[in-house]
Amino acid sequence: MSTDVIELILTDHRRFEDLFRQLRDSSNDRRKVLAELAEILVAHAEAEEAEVYPALRRFDGVDDHEVEHGAEEHAEGHVALLDLMELGDPEAEGWDDKLEKLVKAINHHVDEEERTILDPARDAVSADRRAELGDRFVAARAQRVDSACGDISHVRDLVAQTKDRID
Ligand SMILES: [Fe+2]
Ligand SMILES: [Fe+2]
């Protein structure tokens with residue numbers, strides 16, 4: 001059964017928040033939680049950019065500049081993610097600071113995406129089209145997960161490819 005793309009994206013955003021809470025708790029296996037976060041974060045952003053953002057830009061009522069800005073914020077998020085992943089050991093000095101930088105970058109993006117892209121899309125895009133985009137988003141996200149998109153080597157490539165988006 002198809003699901004509204006907006007609901008799917010919001011569900012992922014709440015999952016990010018849950019994983020941030022787990023990452024702040026040193027009694028958890030934070031390496032494992034970070035690997036899980038990296039996978040879902042990268043798959044989510046890449047699926048949005050491949051299937052959702054280009055489609056939403058075609059609708060009046062969704063601001064193209066906000067969509068472009070969303071992709072810039074993905075690039076910023078990937079830089080903060082890589083910074084934390086490169087540190088490796090959750091006990092290392094600076095880990096907590098880098099985690100908070102990542103949390104701040106992602107929370108900022110999620111808040112802005114929800115207000116400036118998804119809320120307008122709810123009015124501008126029909127329920128049928130949102131369901132169709134939901135199918136495409138799920139397929140693209142699964143395909144990214146299958147190709148190990150959360151591996152540090154991929155995150156390094158991604159940062160190298162998209163750093164020119166950040167000014
Ligand atoms: Fe998102
Ligand atoms: Fe996003």
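For the range 18-31, taking the residues that are in contact (Cβ under 8 Å) with a residue 40 or more places away in the chain and part of a helix (DSSP H, G or I), the one that is nearest to ligand 2 (Cβ to nearest atom) is identified as Phe20. Considering the range 1-17 alone, what residues qualify as being in contact with a helix residue (DSSP H, G or I) (Cβ under 6 Å, 6 or more places away or on another chain), of a type in the set (Val, Ile, Thr) and either within 12 Å of ligand 2 (Cβ to nearest atom) or part of a helix (DSSP H, G or I) (or both)? Those that are in contact with a helix residue (DSSP H, G or I) (Cβ under 6 Å, 6 or more places away or on another chain), of a type in the set (Val, Ile, Thr) and either within 12 Å of ligand 2 (Cβ to nearest atom) or part of a helix (DSSP H, G or I) (or both): Val5, Ile6.
For the list (1) more than 20 Å from Asp164 (Cα to Cα); (2) within 16 Å of ligand 2 (Cβ to nearest atom); (3) touching a residue at least 24 places away in the same chain (Cβ under 8 Å), I need the number of the one condition that Gly61 fails. Result: Gly61 passes all but (2).
A short reminder: the numbers here are calculations on the coordinates, not readings from a lab. Fair warning: this is a prediction, and the values are worked out from it, not measured in the lab. Ideal geometry is used to build each Cβ from the backbone, glycine not excepted, and the neighbour counts take in all protein chains shown.
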